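Participant: Okay, here's the structure, questions in a sec.
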Amino acid sequence: MVRTIYFYVFFFLIVSCSVRRQLPTLQLKENVSERLLLNGYYYTQLDSVFFDIIFLYKNGIVYQGGNPRIKHGFKNIDETFSKSNVNDKKTGYIWGLYIVDGNNITIERYLTPIYAEKYQTYVDKGHIINERQFIITSRKYIKTGKLEARQDTFNFRPLSTKPDSTNNFIN
């Protein structure tokens, strides 16, 4: 009896700590459009305190660079991302996919999960202004179907060394 209880406790611990994620709706597709610059990152101001940073790669992968504080400035952001961080390859919710189709961009990323929550995706859609700027105009949360209007202007910042796009989640 005691062995059975230990087994169930062990089983539930393993299951609750495992990474569960919703599969993306977009398919991995190489970006051949050359509509956007890829030798750096794109940023938008989330609010008066934080940036949202993303890296776009030619292979169609997007890397969520986090939300650094605006007060620390771009120099600090550039230095942080010029260094390789191997743990990022094992963090599922920072990876996603994007597609450029003419002047339109679609980006699918994961919400940052809450403890033991399944990774959920959302899809941002917008249009490209020029090779250095695009605007996200809508966001759809895939699990709930909730749609919201956005006005997130992403601007390009060059960076000589980008983090590697190799990861354990999208290949």
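Participant: Could you list, in sequence order, the residues of region 93-122 that are modelled with pLDDT of 95 or more, of a type in the set (S, T, N, Q) and part of a loop (DSSP other than H, G, I, E, B)?
Facilitator: Answer for region 93-122, where residues must be modelled with pLDDT of 95 or more, of a type in the set (S, T, N, Q) and part of a loop (DSSP other than H, G, I, E, B): just ASN103.
Participant: Here is a follow-up. Test GLY102 against the criterion of being surrounded by fewer than 19 Cβ atoms within 10 Å (Cβ to Cβ) and touching a strand residue (DSSP E or B) at 6+ places or on another chain (Cβ under 9 Å), and give yes or no.
Facilitator: Values: surrounded by fewer than 19 Cβ atoms within 10 Å (Cβ to Cβ): yes; touching a strand residue (DSSP E or B) at 6+ places or on another chain (Cβ under 9 Å): yes.
When the stated conditions are applied, GLY102 passes them.
Participant: Which residues, counting only those in region 155-171, are of a type in the set (S, T, N, Q), buried (at least 16 other Cβ atoms within 10 Å of the Cβ) and closer than 16 Å to ILE53 by Cα? Break it down into steps so the answer makes sense when it comes.
Facilitator: At the first step, the residues of region 155-171 found to be of a type in the set (S, T, N, Q) are 155, 160-161, 165-168, 171.
Checking which are buried (at least 16 other Cβ atoms within 10 Å of the Cβ) leaves us with 165, 167.
Listed by number, the list holds a single entry, SER165.
Results for (1) touching a residue at least 60 places away in the same chain (Cβ under 8 Å); (2) under 21 Å from LEU28 (Cβ atoms); (3) surrounded by 20 or more Cβ atoms within 10 Å (Cβ to Cβ), shown as yes or no for each residue.
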position: THR44; (1), (2), (3): yes, no, no
position: ILE61; (1), (2), (3): yes, yes, yes
position: ASN67; (1), (2), (3): no, no, no
position: GLY92; (1), (2), (3): yes, yes, no
position: TRP95; (1), (2), (3): yes, yes, yes
position: ASN130; (1), (2), (3): no, no, no
position: GLU148; (1), (2), (3): no, no, no
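Participant: So GLN151 fits all but one of (1) over 14 Å from the mean Cα position of the chain (by Cα); (2) modelled with pLDDT under 95; what number is the exception?
Facilitator: It is condition (2) that GLN151 fails.
Participant: Of the conditions (1) under 17 Å from PHE156 (Cα atoms); (2) surrounded by fewer than 16 Cβ atoms within 10 Å (Cβ to Cβ); (3) β-branched (Val, Ile, Thr); (4) touching a His at 6+ places or on another chain (Cβ under 9 Å), THR137 clears all except one; give me its number.
Facilitator: With respect to (1) under 17 Å from PHE156 (Cα atoms); (2) surrounded by fewer than 16 Cβ atoms within 10 Å (Cβ to Cβ); (3) β-branched (Val, Ile, Thr); (4) touching a His at 6+ places or on another chain (Cβ under 9 Å), THR137 is out only on (1).
Participant: While we're on this one: Among the residues in region 144-152, are any in contact with a helix residue (DSSP H, G or I) (Cβ under 9 Å, 6 or more places away or on another chain), closer than 16 Å to PHE51 by Cα and not in a loop (DSSP other than H, G, I, E, B)? Step through it out loud before you land on a result.
Facilitator: Narrowing region 144-152 to residues in contact with a helix residue (DSSP H, G or I) (Cβ under 9 Å, 6 or more places away or on another chain): none.
Among the residues of region 144-152, not one is in contact with a helix residue (DSSP H, G or I) (Cβ under 9 Å, 6 or more places away or on another chain), closer than 16 Å to PHE51 by Cα and not in a loop (DSSP other than H, G, I, E, B), which makes the answer no.
Participant: In region 61-91, which residue that is over 12 Å from the mean Cα position of the chain (by Cα) and in a loop (DSSP other than H, G, I, E, B) is nearest to ILE105 (Cα to Cα)? Spell out the reasoning first.
Facilitator: Filtering region 61-91 for residues over 12 Å from the mean Cα position of the chain (by Cα) gives 68-87, 89-90.
Filter once more, keeping what is in a loop (DSSP other than H, G, I, E, B): 68, 83-85.
Values: PRO68: 24, LYS83: 28, SER84: 27, ASN85: 27 Å.
In this case the residue turns out to be PRO68.
The values are calculated or read from the model by the stated rules, or taken from the named source; none is laboratory data. Here the structure is a predicted model, which means the values were calculated and not measured. Don't worry about glycine lacking a Cβ; one is built from the backbone with ideal geometry, like all the others, and counts go over all protein chains shown.
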